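The values are calculated or read from the model by the stated rules, or taken from the named source; none is laboratory data. Bear in mind that the values here come from a model prediction, so they are computed numbers and not experimental data. Every residue, glycine as well, gets a Cβ built from its backbone with ideal geometry; the counts of neighbours run over all protein chains shown.
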There are 2 protein chains.
Amino acid sequence: MSSSNQDDEIFKALSSPVRRRILDALKDHPQTTKQLCSLFDGLDRCTVMQHLKVLEGAELVIARREGRERWNHMNPLPIKAIHDRWIGPYAARAVDLLDRLRSDLET
Amino acid sequence: MSSSNQDDEIFKALSSPVRRRILDALKDHPQTTKQLCSLFDGLDRCTVMQHLKVLEGAELVIARREGRERWNHMNPLPIKAIHDRWIGPYAARAVDLLDRLRSDLET
């Protein structure tokens, strides 16, 4: 997959509020598909699985099967790549300071 | 603007390859709208300005008028917010190590 196509997949995956919430749920620890479905009880299992498929296509989620369960892990590398593309390690400190300044001004 | 609506604006803005390339062009230094148009000579001025308007709506670009020129600055804070939402300062080092491991394995 070319880098530009992969970017398209990533930003398409992140364009959905439900998919962003799935990533929120996976941020701290992996979850089985069943556990995820119980978190999104307004959505049927099939819809949750379709969203997971889009996230997998973008490599934002990596799934591992263990016995009868499917464990979904968040892959942070595409998120890091977004940060590195427009901020990068050298500007990160300056942006941290700017963020703190904004936060101080808002409170 | 609620946080969720603002997220929608940001990811909608980033979903376009042209808008991502505009941010690439603004990453290191601000540019006038005229300079940006000359970088994207396959697009007419009106199209470039429409893309800039979407980026401004998402607060990814901040424009300042100086005399007859309009200077477009990239605002890195929404990009930092994406990183902080799913990686955050505590996990950043672990993700750096993971990224280096991936890069070593690929070369």
Conditions first: (1) surrounded by 15 or more Cβ atoms within 10 Å (Cβ to Cβ); (2) over 16 Å from residue B:82 (Cα atoms); (3) not small (Gly, Ala, Ser). Residue A:78 passes all but one, so which condition is the exception?
(2)
Given the conditions (1) within 11 Å of the chain's Cα centre (by Cα); (2) over 22 Å from residue B:24 (Cα atoms); (3) buried (at least 19 other Cβ atoms within 10 Å of the Cβ); (4) more than 9 Å from chain B (Cβ to nearest Cβ), report the number of the one that residue A:56 does not fulfil.
(3)
Considering (1) in contact (Cβ under 8 Å) with a residue 40 or more places away in the chain; (2) of a type in the set (Gly, Ala, Ser); (3) more than 15 Å from residue B:85 (Cβ to Cβ), say which one residue A:38 fails and leave the rest.
(1)
Please find, within segment A:22-45, the residue that is nearest to residue B:88 (Cα to Cα) out of those that are within 11 Å of chain B (Cβ to nearest Cβ), in contact with a helix residue (DSSP H, G or I) (Cβ under 8 Å, 6 or more places away or on another chain) and not aliphatic (A, V, I, L, M).
A:27
Of those in segment B:68-98 that are of a type in the set (D, E, K, R) and either in contact with a Lys or Arg (Cβ under 6 Å, 6 or more places away or on another chain) or more than 7 Å from chain A (Cβ to nearest Cβ) (or both), the residue nearest to residue A:99 (Cα to Cα) is B:84
Does segment B:46-67 contain any residue that is of a type in the set (Lys, Arg) and either touching a helix residue (DSSP H, G or I) at 6+ places or on another chain (Cβ under 8 Å) or farther than 28 Å from residue A:92 by Cα (or both)?
no
Among (1) surrounded by 14 or more Cβ atoms within 10 Å (Cβ to Cβ); (2) charged (D, E, K, R); (3) out of contact with any Gly (no Cβ under 9 Å at 6 or more places or on another chain), there is one condition residue B:28 misses while meeting the rest; what is its number?
(1)
When restricted to A:41, A:7, the only residue at pLDDT below 95 and surrounded by fewer than 16 Cβ atoms within 10 Å (Cβ to Cβ) is A:41
